[in-house]
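Below is one structure; the comments refer to it alone.
The values are calculated or read from the model by the stated rules, or taken from the named source; none is laboratory data. The structure displayed is predicted, hence computed values, not measured ones. A quick note on method: Cβ atoms are made from the backbone with ideal geometry, for glycine too, and the neighbour counts reach across all protein chains shown. The area values use the complete protein model at the heavy-atom level, side chains included, leaving out ligands, DNA and RNA. Shrake-Rupley method; radii C 1.70, N 1.55, O 1.52, S 1.80 Å.
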Amino acid sequence: MPEKPFAESAARNSGSILEVLRDELRHSESVLEIGSGTGQHAVCFAAALPHLCWQTSDREDSHSAINAWIDDSNLENIRRPLALDVMDATIQSSQYDAVFSANTAHIMSFAAVTKMFALVGRALKRSGLFCVYGPFRVNGKFTTPSNQHFDASLRARDPSMGIRDLTALDELGAANGIQRAGLYALPANNLLAVWQKCAADCA
């Protein structure tokens, strides 16, 4: 069995994210995770929320890590990773009650974030939830100096990266039939934003 990779950040933030998901996803059954990374979040949340069927996904080079965590968990409510790149992914319409993604929007290009929102808009069932964890700007402003420095370091590494503004993400959501329904402040200067798909065709 391959050695499980370990992300310190995932270990630190899992507990606080879980407390939000425990409430937000209490009526959900099927969840797609976009960008499962090491697989730590998937295993933690699937173990704590046994009513959910947790579908992992990522690019194929991350699958061995995710599968190592799944193999070691012996959980029956977690699914092997889908090969998914938001730039060209296709997902069956109205397939999931919820979509979750952590620490992806600032690593993706904004073009990829745009594709992700379009993908989620198609994949969610009516009234489904899109839960996104990570650093964000609010009303054009960084929430902390450390996030501003982090943004600068991201853009120095790759100009297409950067901490996204929630207003811009709300606009992407509106264009794809999902509207922001919640915002939670979590430790390490991050937020968890929740968008909800309209129960009927949005005006």
Notebook entry, point to check: Taking a ≥ b ≥ c as the square roots of the eigenvalues of the Cα gyration tensor of the range 1-124, is the shape rounded (a/c under 1.5), prolate (a/b larger than b/c) or oblate?
Noted result: rounded
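Helix-only estimate, please: 222 nm mean residue ellipticity of the chain, summing -39500 (n - 2.57) across DSSP H runs of length 4 or more and dividing by its residues, to the nearest 500.
Values: 6 runs with 74 residues, N = 203.
Rounded to the nearest 500, the figure is -11500 deg cm²/dmol.
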Checklist line | Over the range 112-203, relative contact order from alpha-carbon pairs under 8 Å, at least 6 apart, % | finding: 39
Check: What does the charge dipole of the chain about its Cα centre add up to, to the nearest 20 debye, if the Cβ of each Lys and Arg holds +1 and the Cβ of each Asp and Glu holds -1?
Finding: 460
Notebook entry, point to check: Whose amide H sits under 5 Å from the amide H of Arg79, counting only residues 5 or more places off or on another chain, with H placed in the peptide plane?
Noted result: Trp54, Gln55, Thr56
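Quick one: pull the percent of accessible area on the chain belonging to carbon and sulfur, 1.4 Å probe, ligands and nucleic acids left out.
Working: 4850 of 9640 Å².
Here it works out to 50 percent.
State whether the range 118-203 is rounded, prolate or oblate according to the following rule on the C-alpha gyration tensor (a ≥ b ≥ c being the square roots of its eigenvalues): a/c under 1.5 gives rounded; otherwise a/b larger than b/c gives prolate, and the remaining case gives oblate. Mind showing how you got there, number by number?
Numbers: a/c = 2.59, a/b = 1.94, b/c = 1.34.
Prolate shape, in that a/c is at least 1.5 and a/b is the bigger ratio.
How would you order 141-148, 38-45 from highest to lowest mean count of nearby Cβ atoms within 10 Å? Please report the intermediate quantities before stating the final value.
On the way: 141-148: 13.8, 38-45: 24.4.
Ranking, from highest mean packing down: 38-45, 141-148.
What percent do you get for the relative contact order of the range 1-155 when only Cα pairs under 8 Å and 6+ apart count? Provide the component values of the computation, followed by the final result.
Values: 234 pairs, mean separation 32.3, N = 155.
Computed value for the range 1-155: 21 percent relative contact order.
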Next item on the list: Give the cross-link partners of Lys197 among the aspartates and glutamates, using a straight C-alpha distance below 19 Å as the criterion and excluding same-chain residues fewer than 8 apart.
Entry: Asp23, Glu24, Glu29, Glu33, Asp97, Asp170, Glu171
Note to self: Suppose each label sits 7 Å from its Cα in the direction of the beta carbon; what would the Phe6-Asn189 distance come out to in nanometres?
What the structure shows: 2.6
Item checked: Spin-label model distance (nm) - His51 vs Arg155, 7 Å beyond Cα toward Cβ -> 4.3
Next item on the list: Can you send over the solvent-accessible area of Arg137, 1.4 Å probe, protein chains only, in Å² to the nearest 10?
Entry: 60
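How high is the relative contact order of the range 15-100, given as a whole-number percent (alpha carbon pairs under 8 Å, six or more residues apart)?
Values: 131 pairs, mean separation 30.0, N = 86.
Rounded, it is 35 percent for the range 15-100.
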